[in-house]
Amino acid sequence: MSVEKVALITAGGSGMGAAAARRLAADGFKLAVLSSSGKGEALAQELGGIGVTGSNQSNDDLKRLVDATMEKWGRIDVLVNSAGHGPRARILEITDEQWHQGIDVYFLNVVRPTRLVAPIMVQQRAGSIINISTAWAFEPSTMFPTSAVARAGLASFTKIFADQYAADNVRMNNVLPGWIDSLPATEERRDSVPMKRYGTSEEVAATIAFLASEGAGYITGQNIRVDGGLMRAV
């Protein structure tokens, strides 16, 4: 790479976030990783980057990560927004507090870091923001109610962001994983997938790496399914 590229990953301590960190490091990116468990900080050190132990629900923690990244490298080329797990219950049994928690986990996890990073990317006239969403954003499942509702909103946010920032060469796209090996495996779920298998975190990470690359330079505002053919509606 002619210019040293930098990727920032939130909730990157395990699962798809960690797989994305490893893949981007392999592609030559310098890494900054945030996670609440401390695993992200350890992973970043392993990969020669920097890490912050903190929450993507904390503006202060996110600012610490962004400030440390800018101090070390002076730029941010890619932001990958991962997430934890929000509340699950029957739809009318979800409390107001749980709905707010779901929005925090699955929607504001994107909005908060984007507020900090997008102005940097605009100044650079380049940047790619990739959000790990869910295959059930458009065909919601009773299994993941707060995720599906919040991430349907995320799809709208992503399109509005793309409309406003495409001219600045700052892109935002969502990756929509289906049944991935970071989730518990069951025969019923496996059989529901046309490919008859769970996807891997590495396959999701490969899609993220593509969206981070120059080859995806004309792609923005999109929702890319990585689900083995599980969802087929437009």
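How large is log10 of I(q)/I(0) for the range 148-234 at q = 0.15 Å⁻¹ when the intensity is taken from the Debye formula with one equal scatterer per alpha-carbon? The Debye formula, applied to the Cα set alone, gives -0.64. Measuring with a 1.4 angstrom probe and ignoring ligands and nucleic acids, residue 37 comes out at about 80 Å² accessible. Pairs exceeding a 22 Å alpha-carbon distance, out of 30/72; 39/159; 5/159; 5/72: 39/159; 5/159.
Over every pair of different alpha-carbon atoms in the range 42-194, take the mean of 1/r and invert it; report that Kirkwood radius in Å. Don't skip to the answer; put the middle values down first.
Numbers: mean 1/r = 0.0591 Å⁻¹.
16.9 Å is the Kirkwood radius here.
For the set 78, 226, the ranking by accessible area, highest first and with no ligand, DNA or RNA atoms included, is 226, 78 under a 1.4 Å probe.
Think of the chain as a dipole: +1 on every Lys or Arg Cβ, -1 on every Asp or Glu Cβ, centred on the Cα centre; then among 218, 109, 85, 218 lies furthest on the positive end. The modelled label-to-label distance for the pair residue 3/residue 163, using points 7 Å beyond Cα in the direction of Cβ, is 2.9 nm.
Contact order, relative form, for the range 176-222: 32 percent (alpha carbon pairs under 8 Å, 6 or more residues apart, mean separation divided by residue count).
What does a probe at residue 89 reach in the range 135-156, counting residues whose amide N is under 13 Å from the point 7 Å along Cα→Cβ? Correct set: 145-146.
Three principal axis extents describe the C-alpha atoms of the range 146-196; from largest down they are 46, 23, 18 Å.
If I take every Cα pair under 8 Å that is 6 or more residues apart in the range 112-234, average their sequence separation and divide by the length, what percent do I get for the relative contact order?
Values: 183 pairs, mean separation 38.0, N = 123.
Here the relative contact order equals 31 percent.
In this calculation the C-beta distance from residue 200 to residue 100 is compared with R0 = 45 Å, giving a FRET efficiency of 0.85.
The values are calculated or read from the model by the stated rules, or taken from the named source; none is laboratory data. Here the structure is a predicted model, which means the values were calculated and not measured. Here Cβ is always computed from backbone atoms with ideal geometry, including for glycine, and neighbour counts include all displayed protein chains. For accessibility, only protein heavy atoms count, side chains too; no ligands or nucleic acids. Shrake-Rupley method; radii C 1.70, N 1.55, O 1.52, S 1.80 Å.
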